[in-house]
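**Student:** Below: one structure in structure tokens.
FYI, it's all coordinate maths here, none of it is from the lab. This structure is a prediction, so every number in the text was calculated from the model and none was measured. Glycine also receives a Cβ, built like all others from the backbone with ideal geometry; neighbour counts cover every protein chain displayed.
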Amino acid sequence: MTTKTQMITQIKKENPTLQLGNELDGYTKMIGVDYEVIILEWAENRLAKETAATEAQAITDATATQKAALLARLGITADEAKLLIG
């Protein structure tokens with residue numbers, strides 16, 4: 001799992017500069033605290049997504065383990081269980 005510091009470093013490497021605006025009105029380069037706030041927000045968002053993905057995978061893995069244990073207790077294969085269900 002990535003730490004917040006590692007994520008911030010990665011995002012800064014990917015985005016050494018940031019600009020706010022559009023082609024019609026022009027762009028303003030984000031510097032100092034403004035730059036740091038955006039980078040921190042992006043890091044927190046990425047970490048939240050990473051955590052959610054890790055938790056979802058853990059649930060999937062636990063479910064697969066429970067299914068395997070049940071099949072072993074019943075002494076049948078997954079294909080045999082599918083035949084019984086459906």
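**Student:** How much of the calculated P(r) for the chain lies past 22 Å, in percent of all Cα pairs? Write down the numbers at each step before the final one.
**Tutor:** Values: 2040 of 3655 pairs.
Above the 22 Å cut-off, the chain has 56 percent of its Cα pairs.
**Student:** While we're on this one: What is the sum of charges around Trp42, taking Lys and Arg as +1, Asp and Glu as -1, for the other residues whose C-beta is under 12 Å from the C-beta of Trp42?
**Tutor:** With Lys, Arg at +1 and Asp, Glu at -1, the net is 0.
**Student:** Here is a follow-up. Pull up all non-local amide H partners of Leu18: gap of 5 or more, or a different chain, and H-to-H distance under 5 Å with H placed in the peptide plane.
**Tutor:** Met30
**Student:** Let me have the 222 nm mean residue ellipticity of the chain computed from DSSP H runs of 4+ only, each contributing -39500 (n - 2.57), with the sum over all residues rounded to the nearest 500.
**Tutor:** Working: 3 runs with 62 residues, N = 86.
The helix-only estimate for the chain comes to -25000 deg cm²/dmol at 222 nm.
**Student:** A follow-up question, please. Could you point to the residue in Leu24, Thr63, Met7 farthest towards the positive end of the chain's charge dipole, with +1 and -1 charges on the Cβ of Lys/Arg and Asp/Glu respectively?
**Tutor:** Ranked along the dipole, the leading option is Thr63.
**Student:** Can you tell me the dipole magnitude for the chain around its Cα centre, using point charges on the Cβ only (Lys, Arg +1; Asp, Glu -1), in Debye to the nearest 20?
**Tutor:** Rounded to the nearest 20 debye, it is 360 debye.
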